[in-house]
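The values are calculated or read from the model by the stated rules, or taken from the named source; none is laboratory data. Keep in mind the model is a prediction, meaning the values are calculated, not measured. Cβ placement follows ideal geometry from the backbone for every residue including glycine, while neighbour counts extend to all protein chains displayed. To get the accessible areas, we keep the full protein, side chains included, count just its heavy atoms, and leave off ligands, DNA and RNA. Shrake-Rupley method; radii C 1.70, N 1.55, O 1.52, S 1.80 Å.
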Amino acid sequence: MILTNFTIEWIASLSAAVIFLLSRFILAKLVKRYAKSSQIIERRANLVIKYMQILLSILLLIALVIIWGVDRKAILLTVSSITTVVGVAMFATWSILSNITSGIILFFFFPFRIGDTIKIHDKDFPIEAEIEDINAFHVLLVTADGEHITYPNNLLLQKGISICRQVN
């Protein structure tokens, strides 16, 4: 009896789940293909895939809420409460989110790679160093003197950078 009353919802939910799984698979393949063609390390590609899967999961949750016809007022109240809490948390951690976003931008659009020597044009603290690793939040640099520097991703987007020597 319940199955016949909610047949459309079950079919729509199953369809949304299949679309979700296919989207996850296709996006992962596309990002990995892009990473191979751009010679980007696998760990960075996996990080971008993880962010995309979180976004897809949120979209699936929204789709299921709409499919099952949850009361709009209840959804609005819940979303506004969650948004308020997340907004306060984001304001407190804007730097972390800025670095994550910058890490994604660096993954897709910047010409330097691990092993390149770069010069960061900062009038107060100019740095010339080799890129040792690029993480979600920061880039690890090593100077010619062997000094290890952790440099935030968001500052790499804000400062002028020269590539002194590229690894082929």
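Among the residues of segment 136-168, those identified as open to solvent by 40 Å² or more (accessible area, probe 1.4 Å), under 26 Å from Leu97 (Cβ atoms) and of a type in the set (S, T, N, Q) are Thr150, Gln158. Restricting attention to segment 110-121, the residues being open to solvent by 30 Å² or more (accessible area, probe 1.4 Å) and charged (D, E, K, R) number 2. Within segment 66-82, residues that are closer than 13 Å to Ser13 by Cβ sit with their Cβ atoms under 9 Å from residues that are open to solvent by less than 100 Å² (accessible area, probe 1.4 Å) and among the aromatic types (Phe, Trp, Tyr), at 6+ positions apart or across chains, in these pairs: Trp68/Phe6.
When segment 123-142 is filtered for residues that are touching a strand residue (DSSP E or B) at 6+ places or on another chain (Cβ under 6 Å) and without any contact (Cβ under 8 Å) to a residue 12 or more places away in the chain, only Leu140 remains.
I'd like to know if segment 108-123 contains one or more residues that are modelled with pLDDT under 80, of a type in the set (Gly, Ala, Ser) and over 16 Å from Asn154 (Cβ atoms). No, because not a single residue in segment 108-123 is modelled with pLDDT under 80, of a type in the set (Gly, Ala, Ser) and over 16 Å from Asn154 (Cβ atoms).
Of the residues in segment 124-135, how many are surrounded by 13 or more Cβ atoms within 10 Å (Cβ to Cβ) and either modelled with pLDDT under 90 or hydrophobic (A, V, I, L, M, F, W, C) (or both)? Before you say what the answer is, go through the steps one by one.
Keep residues of segment 124-135 that are surrounded by 13 or more Cβ atoms within 10 Å (Cβ to Cβ), which gives 127-135.
Subsequent filtering for residues that are either modelled with pLDDT under 90 or hydrophobic (A, V, I, L, M, F, W, C) (or both) retains 127, 129, 131-135.
Final tally of qualifying residues: 7.
Based on what the data block shows, is Ile120 touching a residue at least 40 places away in the same chain (Cβ under 8 Å) and either closer than 17 Å to Gly103 by Cα or not in a strand (DSSP E or B) (or both)? It is true that Ile120 is touching a residue at least 40 places away in the same chain (Cβ under 8 Å) and either closer than 17 Å to Gly103 by Cα or not in a strand (DSSP E or B) (or both). Could you please give the count of residues in segment 41-88 that are exposed (fewer than 13 other Cβ atoms within 10 Å of the Cβ) and not in a helix (DSSP H, G or I)? So the count comes out to 4.
Residues checked against (1) at pLDDT below 80; (2) under 16 Å from the mean Cα position of the chain (by Cα); (3) open to solvent by 80 Å² or more (accessible area, probe 1.4 Å):
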| site | (1), (2), (3) |
| --- | --- |
| Met1 | yes, no, yes |
| Thr7 | no, no, no |
| Ala12 | no, no, no |
| Ile19 | no, no, yes |
| Phe25 | no, no, yes |
| Gln39 | yes, no, yes |
